[in-house]
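All remarks here apply to the structure that follows.
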Amino acid sequence: RPYGAEVSKEMLIQLHLGPLLSGKSSATDEEVKKFPSSEKPVEYFAPLTEAMEREVTAAFGEGEPDEIMSSAFKLKVTREDIQTLMNLCWLNDEVINFYMALLVERNKKEGYPAVYAFSTFFYPKLVSGGYKAVRRWTRGVDLFKQDLILVPIHLRVHWALVVIDVTKKTIKYFDSMGQKGNKICEILFQYLQEESREKRNLELTFLEWTLRSMEPHEIPQQLNGSDCGVFMCKYADCISRDKPITFTQNHMPYFRRKMVWEIIHQQLL
């Protein structure tokens, strides 16, 4: 099922996105315009070639919904799944899990941090059944030998991301609508604590770890009710490349088409 963030205007105003959606210039907007030098430099993203664009358009075209468009990592993505990447559609579990697997695969190359990504189904299972319900999910994987652990979080109609930096001992919550995820970070620290006891017979010291939600001014924020899944995937992409997160809402249509090509070819550009 596709998931996104269909949010009322009232909630957007509560999340301080109201003026941005109204299209009207506010006093704050005017102040920002006066200081363009304070804006973060945006990373250059190479445009898709004409051949790539044709492939993406074909993937969005007519065809059997259950046609397999890509198969790898014990995962399958159908035409129906791919079409959740069309503008303003909500990304589903299949697209997000495949993209996370591509990030993990890329980071096996020399020079990249060692990354492990949990499935989108991990966190709901952890919350509903506790550690026992997910204890076997890491068979053959030592989480404490990873540099980064990515945890996609689905909140009913919204996607967010938790990044566990094992080296720096941080757990950070990234939300493109500026919501807080402190409780989620605490639940995941508790999971790590139990995983460490179970697999290494070692206690984690809570005071050595930093848990926090990223503030809205620290990371790009979505300006509509449909792009949270793409924001989450691109947060994960930048972090796993150890690059600053400098993209904007304006990049979303491009990222959606790029992700189609990457999933079909099982290769990140």
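Beyond 25 Å in Cα-Cα separation lie the following of the pairs K125/K172; K168/K258; K74/K243: K168/K258; K74/K243.
L188 exposes around 0 Å² of accessible area when a 1.4 Å probe is run over every protein chain in place. Per the Kirkwood formula applied to alpha carbons, segment 50-265 shows a radius of gyration over Rh ratio, Rg over Rh, of 0.97. Straight-line cross-link reach from K109 at under 19 Å between alpha-carbon atoms covers these aspartates and glutamates, not counting any fewer than eight positions away in the same chain: D142, D147, D165, D237, D242, E262.
At a threshold of 8 angstrom on Cα-Cα distance, excluding pairs fewer than six apart, so keeping six or more, what relative contact order does segment 50-265 reach in percent?
Numbers: 317 pairs, mean separation 46.4, N = 216.
That works out to 21 percent.
Within segment 50-265, DSSP assigns beta bridges of which about 70% are antiparallel (rounded to the nearest 5).
Identify the residues of segment 205-221 with backbone N under 13 Å of a label point that sits 7 angstrom from the Cα of K180 along the Cα-to-Cβ direction, or state none. Within reach of a label on K180: 212-216.
The values are calculated or read from the model by the stated rules, or taken from the named source; none is laboratory data. Bear in mind that the values here come from a model prediction, so they are computed numbers and not experimental data. Because the Cβ atoms are built from the backbone with ideal geometry, glycine has one as well, and the counts that use them run over all protein chains shown. Only protein heavy atoms, including side chains, enter the accessible area calculation; ligands, DNA and RNA are left aside. Shrake-Rupley method; radii C 1.70, N 1.55, O 1.52, S 1.80 Å.
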